[in-house]
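The values are calculated or read from the model by the stated rules, or taken from the named source; none is laboratory data. Keep in mind the model is a prediction, meaning the values are calculated, not measured. So basically every Cβ, Gly included, is an ideal-geometry build from the backbone, and we count neighbours across all protein chains shown. Each accessible area value is taken on the protein alone, full model and side chains, heavy atoms only, with ligands, DNA and RNA left out. Shrake-Rupley method; radii C 1.70, N 1.55, O 1.52, S 1.80 Å.
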Amino acid sequence: MLSEFIDFQDYSSCFDAKQGDQLQDTSVETLLRSAGEAVGVLARITKEQGKCCSAEVDGEAEQAKQARWMCEVVRGMGMLASTSAQYRACVAALSYVLECLKPDLLVYPSTCMSFFQMLAVVCRNAEEVLTLPATLFGHICDMLVAGVTSPTVAGIARLSLEVIVHIGGHLQRCSSPQSCLGQKELVFRSARTIVAFALSAEFPVSLFDFAADAVYTLIHCDTDLFWQMATGISQQQRGEERQGQVLHCFKSLCECALRPKQTMHDFRRSFKDFVFVCKKFDW
(Lines give C-alpha, C1' and ligand atoms only; values in the text may rest on other atoms or scores of the structure.)
Protein backbone atom coordinates (compact mmCIF):
# COMPACT_ATOMS: atom_id res chain seq x y z
CA MET A 1 0.00 0.00 0.00
CA LEU A 2 2.68 2.50 0.95
CA SER A 3 4.83 1.85 -2.09
CA GLU A 4 2.09 3.41 -4.22
CA PHE A 5 2.83 6.77 -2.62
CA ILE A 6 6.36 6.81 -1.24
CA ASP A 7 9.72 5.23 -1.96
CA PHE A 8 11.15 4.54 1.51
CA GLN A 9 14.64 3.77 0.30
CA ASP A 10 15.01 7.17 -1.33
CA TYR A 11 14.50 8.89 2.01
CA SER A 12 16.60 6.36 3.91
CA SER A 13 19.60 6.96 1.67
CA CYS A 14 19.17 10.74 1.87
CA PHE A 15 19.17 10.60 5.65
CA ASP A 16 22.45 8.74 5.76
CA ALA A 17 24.71 10.92 7.90
CA LYS A 18 27.56 11.03 5.41
CA GLN A 19 25.33 12.04 2.53
CA GLY A 20 23.44 14.51 4.69
CA ASP A 21 26.61 16.37 5.57
CA GLN A 22 27.32 16.93 1.91
CA LEU A 23 23.93 18.45 1.11
CA GLN A 24 23.61 22.19 0.61
CA ASP A 25 21.20 24.07 2.88
CA THR A 26 18.70 24.50 0.04
CA SER A 27 18.80 20.75 -0.61
CA VAL A 28 18.23 20.04 3.07
CA GLU A 29 15.24 22.38 3.12
CA THR A 30 13.78 20.64 0.08
CA LEU A 31 14.42 17.17 1.46
CA LEU A 32 12.88 17.93 4.85
CA ARG A 33 9.85 19.56 3.29
CA SER A 34 9.34 16.59 0.98
CA ALA A 35 9.81 14.07 3.78
CA GLY A 36 7.43 15.96 6.05
CA GLU A 37 4.79 16.04 3.34
CA ALA A 38 5.24 12.30 2.79
CA VAL A 39 4.71 11.61 6.49
CA GLY A 40 1.63 13.83 6.43
CA VAL A 41 0.17 11.96 3.46
CA LEU A 42 0.74 8.58 5.08
CA ALA A 43 -0.66 9.72 8.42
CA ARG A 44 -3.76 11.11 6.75
CA ILE A 45 -4.36 7.95 4.72
CA THR A 46 -4.01 5.60 7.67
CA LYS A 47 -6.07 7.86 9.91
CA GLU A 48 -8.89 8.15 7.39
CA GLN A 49 -8.97 4.40 6.93
CA GLY A 50 -9.19 3.96 10.68
CA LYS A 51 -6.46 1.33 10.66
CA CYS A 52 -3.50 3.08 12.25
CA CYS A 53 -2.52 1.55 15.55
CA SER A 54 -5.73 -0.39 16.02
CA ALA A 55 -5.41 -3.77 17.70
CA GLU A 56 -8.78 -4.97 16.38
CA VAL A 57 -8.28 -4.66 12.62
CA ASP A 58 -6.75 -6.98 10.08
CA GLY A 59 -3.27 -6.29 8.89
CA GLU A 60 -2.02 -4.85 12.15
CA ALA A 61 1.52 -5.91 11.30
CA GLU A 62 1.34 -3.80 8.14
CA GLN A 63 0.10 -0.83 10.14
CA ALA A 64 2.95 -1.31 12.60
CA LYS A 65 5.36 -1.19 9.68
CA GLN A 66 3.79 2.02 8.45
CA ALA A 67 4.03 3.64 11.86
CA ARG A 68 7.63 2.51 12.23
CA TRP A 69 8.52 3.97 8.85
CA MET A 70 6.97 7.33 9.75
CA CYS A 71 8.97 7.42 12.99
CA GLU A 72 12.20 6.53 11.20
CA VAL A 73 11.69 9.27 8.61
CA VAL A 74 11.00 11.91 11.27
CA ARG A 75 14.03 10.68 13.21
CA GLY A 76 16.12 11.08 10.08
CA MET A 77 14.77 14.58 9.63
CA GLY A 78 15.79 15.43 13.18
CA MET A 79 19.30 14.13 12.61
CA LEU A 80 19.72 16.20 9.45
CA ALA A 81 18.14 19.46 10.62
CA SER A 82 20.34 22.30 11.86
CA THR A 83 18.31 25.51 11.57
CA SER A 84 15.18 26.77 13.27
CA ALA A 85 13.19 26.45 10.05
CA GLN A 86 14.38 22.88 9.59
CA TYR A 87 13.51 21.98 13.18
CA ARG A 88 10.04 23.43 12.65
CA ALA A 89 9.64 21.08 9.71
CA CYS A 90 10.65 18.17 11.96
CA VAL A 91 8.16 19.13 14.64
CA ALA A 92 5.42 19.53 12.04
CA ALA A 93 6.13 15.98 10.84
CA LEU A 94 6.22 14.80 14.46
CA SER A 95 2.75 16.24 14.95
CA TYR A 96 1.45 14.09 12.06
CA VAL A 97 2.81 10.98 13.79
CA LEU A 98 1.35 11.95 17.16
CA GLU A 99 -2.07 12.61 15.65
CA CYS A 100 -2.07 9.20 13.99
CA LEU A 101 -0.28 7.04 16.53
CA LYS A 102 -2.21 5.32 19.30
CA PRO A 103 -0.63 3.46 22.23
CA ASP A 104 -1.96 0.11 20.97
CA LEU A 105 0.68 -0.09 18.28
CA LEU A 106 3.55 0.33 20.71
CA VAL A 107 3.16 -3.30 21.75
CA TYR A 108 5.24 -4.03 18.66
CA PRO A 109 8.87 -3.86 19.85
CA SER A 110 10.39 -2.43 16.66
CA THR A 111 7.69 0.21 16.31
CA CYS A 112 7.96 1.14 19.99
CA MET A 113 11.74 1.52 19.76
CA SER A 114 11.47 3.62 16.58
CA PHE A 115 8.95 5.91 18.22
CA PHE A 116 11.09 6.65 21.28
CA GLN A 117 14.27 6.97 19.21
CA MET A 118 12.43 9.53 17.09
CA LEU A 119 11.34 11.47 20.19
CA ALA A 120 14.85 11.46 21.60
CA VAL A 121 16.38 12.84 18.40
CA VAL A 122 13.75 15.49 17.67
CA CYS A 123 13.43 16.68 21.28
CA ARG A 124 17.19 16.85 21.80
CA ASN A 125 17.73 19.90 19.60
CA ALA A 126 14.32 21.13 18.52
CA GLU A 127 13.02 23.57 21.13
CA GLU A 128 10.16 24.04 18.65
CA VAL A 129 8.64 20.93 20.23
CA LEU A 130 7.29 23.34 22.86
CA THR A 131 5.04 24.86 20.18
CA LEU A 132 3.04 21.65 19.75
CA PRO A 133 -0.65 21.93 20.68
CA ALA A 134 -1.32 21.05 24.31
CA THR A 135 -3.09 17.82 23.37
CA LEU A 136 -0.12 16.52 21.37
CA PHE A 137 2.44 17.72 23.91
CA GLY A 138 0.40 16.00 26.62
CA HIS A 139 0.36 12.86 24.46
CA ILE A 140 4.16 12.88 24.47
CA CYS A 141 4.21 13.22 28.26
CA ASP A 142 1.80 10.31 28.65
CA MET A 143 3.97 8.19 26.36
CA LEU A 144 7.02 9.01 28.49
CA VAL A 145 5.25 7.77 31.62
CA ALA A 146 4.41 4.51 29.87
CA GLY A 147 7.95 4.28 28.53
CA VAL A 148 9.45 4.42 32.03
CA THR A 149 6.88 2.53 34.09
CA SER A 150 5.93 -0.23 31.63
CA PRO A 151 8.49 -0.43 28.82
CA THR A 152 7.84 -3.10 26.19
CA VAL A 153 11.46 -3.14 24.99
CA ALA A 154 14.80 -2.84 26.75
CA GLY A 155 16.15 0.68 26.34
CA ILE A 156 12.78 2.42 26.12
CA ALA A 157 12.88 3.63 29.74
CA ARG A 158 16.33 5.16 29.23
CA LEU A 159 15.19 6.96 26.08
CA SER A 160 12.09 8.25 27.88
CA LEU A 161 14.19 9.72 30.69
CA GLU A 162 16.53 11.30 28.14
CA VAL A 163 13.55 12.97 26.44
CA ILE A 164 12.50 14.45 29.80
CA VAL A 165 15.99 15.91 30.15
CA HIS A 166 15.81 17.40 26.65
CA ILE A 167 12.34 18.90 27.12
CA GLY A 168 13.17 20.15 30.61
CA GLY A 169 16.23 21.88 29.22
CA HIS A 170 14.16 23.64 26.57
CA LEU A 171 11.66 24.74 29.21
CA GLN A 172 14.43 26.03 31.44
CA ARG A 173 15.77 28.17 28.58
CA CYS A 174 12.33 29.39 27.51
CA SER A 175 12.56 33.17 26.97
CA SER A 176 8.98 33.66 28.11
CA PRO A 177 8.42 31.44 31.18
CA GLN A 178 4.73 32.32 31.45
CA SER A 179 4.07 31.15 27.89
CA CYS A 180 5.64 27.77 28.72
CA LEU A 181 3.71 27.26 31.96
CA GLY A 182 1.20 24.88 30.39
CA GLN A 183 3.96 22.64 29.03
CA LYS A 184 5.75 22.71 32.37
CA GLU A 185 2.63 21.59 34.18
CA LEU A 186 2.16 18.69 31.75
CA VAL A 187 5.79 17.60 32.19
CA PHE A 188 5.62 17.75 35.98
CA ARG A 189 2.31 15.89 36.00
CA SER A 190 4.02 13.02 34.22
CA ALA A 191 7.20 13.39 36.26
CA ARG A 192 5.26 12.84 39.48
CA THR A 193 4.38 9.30 38.38
CA ILE A 194 7.90 8.64 37.11
CA VAL A 195 9.68 9.91 40.24
CA ALA A 196 7.33 7.98 42.50
CA PHE A 197 8.10 4.87 40.46
CA ALA A 198 11.83 5.54 40.81
CA LEU A 199 11.39 5.24 44.58
CA SER A 200 9.75 1.82 44.33
CA ALA A 201 11.45 -1.56 44.49
CA GLU A 202 10.53 -2.25 40.86
CA PHE A 203 12.71 0.56 39.49
CA PRO A 204 15.84 -0.87 37.80
CA VAL A 205 19.15 0.15 39.35
CA SER A 206 20.57 0.58 35.84
CA LEU A 207 18.31 3.60 35.35
CA PHE A 208 19.36 5.55 38.45
CA ASP A 209 21.77 7.85 36.61
CA PHE A 210 19.23 8.64 33.89
CA ALA A 211 16.53 9.30 36.48
CA ALA A 212 18.95 11.53 38.39
CA ASP A 213 19.62 13.58 35.26
CA ALA A 214 15.88 14.00 34.73
CA VAL A 215 15.27 15.10 38.34
CA TYR A 216 18.23 17.51 38.24
CA THR A 217 16.80 19.07 35.07
CA LEU A 218 13.31 19.35 36.55
CA ILE A 219 14.62 21.11 39.68
CA HIS A 220 16.43 23.68 37.57
CA CYS A 221 13.46 23.95 35.20
CA ASP A 222 11.00 25.14 37.87
CA THR A 223 11.74 24.76 41.57
CA ASP A 224 8.20 25.70 42.62
CA LEU A 225 6.58 23.06 40.42
CA PHE A 226 9.14 20.52 41.59
CA TRP A 227 8.24 21.28 45.20
CA GLN A 228 4.54 20.87 44.41
CA MET A 229 5.35 17.51 42.82
CA ALA A 230 7.43 16.47 45.85
CA THR A 231 4.59 17.41 48.18
CA GLY A 232 2.18 15.28 46.17
CA ILE A 233 4.52 12.29 46.24
CA SER A 234 5.15 12.61 49.98
CA GLN A 235 1.41 12.53 50.61
CA GLN A 236 1.37 8.93 49.38
CA GLN A 237 2.85 8.00 52.77
CA ARG A 238 0.57 7.20 55.66
CA GLY A 239 0.78 9.55 58.61
CA GLU A 240 2.04 13.08 58.91
CA GLU A 241 5.36 11.98 60.39
CA ARG A 242 6.32 9.87 57.40
CA GLN A 243 5.06 12.49 54.99
CA GLY A 244 7.27 15.03 56.70
CA GLN A 245 10.29 12.74 56.54
CA VAL A 246 9.89 12.16 52.79
CA LEU A 247 9.33 15.86 52.19
CA HIS A 248 12.51 16.63 54.13
CA CYS A 249 14.41 14.21 51.86
CA PHE A 250 13.07 16.04 48.82
CA LYS A 251 14.07 19.37 50.34
CA SER A 252 17.64 18.17 50.88
CA LEU A 253 17.75 16.81 47.33
CA CYS A 254 16.52 20.11 45.89
CA GLU A 255 19.07 22.10 47.89
CA CYS A 256 21.81 19.78 46.68
CA ALA A 257 20.90 20.28 43.03
CA LEU A 258 20.88 24.06 43.42
CA ARG A 259 24.30 24.30 45.06
CA PRO A 260 26.78 26.47 43.17
CA LYS A 261 28.94 24.44 40.78
CA GLN A 262 26.85 21.32 41.39
CA THR A 263 26.86 19.49 38.04
CA MET A 264 24.37 16.98 36.75
CA HIS A 265 27.02 14.28 37.02
CA ASP A 266 27.82 15.21 40.65
CA PHE A 267 24.11 15.13 41.47
CA ARG A 268 23.80 11.47 40.56
CA ARG A 269 25.41 10.32 43.80
CA SER A 270 23.07 12.48 45.85
CA PHE A 271 20.08 11.08 44.00
CA LYS A 272 21.15 7.51 44.70
CA ASP A 273 21.46 8.33 48.41
CA PHE A 274 18.03 9.96 48.27
CA VAL A 275 16.46 6.88 46.69
CA PHE A 276 18.19 4.58 49.21
CA VAL A 277 16.70 6.53 52.11
CA CYS A 278 13.24 6.85 50.57
CA LYS A 279 13.02 3.15 49.79
CA LYS A 280 12.79 2.55 53.52
CA PHE A 281 9.28 3.96 53.33
CA ASP A 282 6.16 2.27 51.92
CA TRP A 283 5.37 3.00 48.28
**Message:** With every protein chain left in place and a probe of 1.4 Å, what is the accessible surface of W227, to the nearest 10 Å²?
**Reply:** 90
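Which sequence of K261, K65 reflects their accessible areas, 1.4 Å probe, from the largest down?
Details: K261 195, K65 90 Å².
I get K261, K65, largest accessible area first.
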**Message:** How much accessible area per residue does segment 103-249 have, counting only protein heavy atoms and a probe of 1.4 Å, in square angstrom?
**Reply:** 42
**Heavy-atom accessible area ranking, 1.4 Å probe, most first, across K251, K184** = K251, K184
**Prompt:** Using r as the Cβ-Cβ distance of K272 and Q245, and R0 as 25 Å, what FRET efficiency do you calculate, to the nearest 0.05?
**Reply:** 0.85
**Fill in**
Bounding extents of segment 186-283 in its principal axis frame from Cα atoms, largest first in Å, are 36, 29, 24
**Asked** What are the principal axis extents of the Cα atoms in segment 172-232, in Å, biggest first?
**Response** 38, 21, 15
**Item:** Interatomic Cα distance distribution for segment 106-212, bins of 5 angstrom, percent
**Value:** 2, 13, 24, 25, 20, 11, 4, 1
**Cα Rg over Rh - segment 66-166, Kirkwood** = 0.93
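Rank F276, F281 by accessible area, highest first, at a 1.4 Å probe radius?
Numbers: F276 135, F281 35 Å².
So, going from the largest accessible area down, we get F276, F281.
Could you tell me which of rounded, prolate or oblate describes segment 66-107, using a ≥ b ≥ c as the square roots of the eigenvalues of the alpha-carbon gyration tensor, with rounded for a/c under 1.5 and, failing that, prolate when a/b is larger than b/c and oblate otherwise?
Verdict is prolate for segment 66-107.
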**Request:** State, to one decimal in nm, how far the label point of S110 lies from the label point of R88, with both points 7 Å from Cα in the Cβ direction.
**Result:** 3.6
